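Each remark here refers to the structure printed beneath this line.
Throughout, read-outs are computed from the coordinates displayed, never taken from laboratory work. Given the structure is predicted, the values throughout are model-derived calculations rather than measurements. Virtual Cβ from ideal backbone geometry, glycine too; neighbours counted across all protein chains shown.
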Amino acid sequence: GFARTRKEARQTVRHGHITVNGKRVDIPSYQVKAGDVVAVAPKFKDLLPIKEALISSEHMAVPGWLEVDIEKLSGNVLQVPSRDQIDLDIDAQLIVELYSK
């Protein structure tokens, strides 16, 4: 809920506005682990895109593998999600076929 779209989330991370366990992260593909705390960096908490994303995501459900604290602008990774917990429409077989060429 800290960004409205995946593209916006990647850009937010790329610009260094996100921390993981208190350390700045600027790689969108950074692999989080269970127990990691993902948060908006303190000096970027008042950014307009982040505020707008929070307002627009108020009615969105938080996945079961995450815990979010809107007041602190942080989230805790409770567990790494399994494939069936991810709600993207992905055909894994097509990916396997592409990379097996």
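Summary table
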{"read-out": "GNM top mover of 16, 64, 75 - the chain, alpha-carbon springs below 10 Å", "value": "64"}
{"read-out": "Chain lengthening between residue 83 and residue 27 when straightened (0.36 nm per residue, less Cα-Cα)", "value": "18.0 nm"}
{"read-out": "Neighbourhood net charge (15 Å Cβ-Cβ; Lys/Arg +1, Asp/Glu -1) for residue 55", "value": "-2"}
{"read-out": "Normalised contact order of the chain, rounded percent, pairs of Cα under 8 Å and 6 or more residues apart", "value": "26"}
{"read-out": "For the chain, built as a Gaussian network whose Cα springs stay under 10 Å, the top-fluctuating residue of 27, 90, 70", "value": "90"}
{"read-out": "P(r), alpha carbons of the chain - 10 Å bins starting at zero, rounded %", "value": "14, 43, 31, 10, 2"}
{"read-out": "Label-point separation, residue 45 to residue 100 (7 Å along Cα→Cβ), nm", "value": "5.0"}
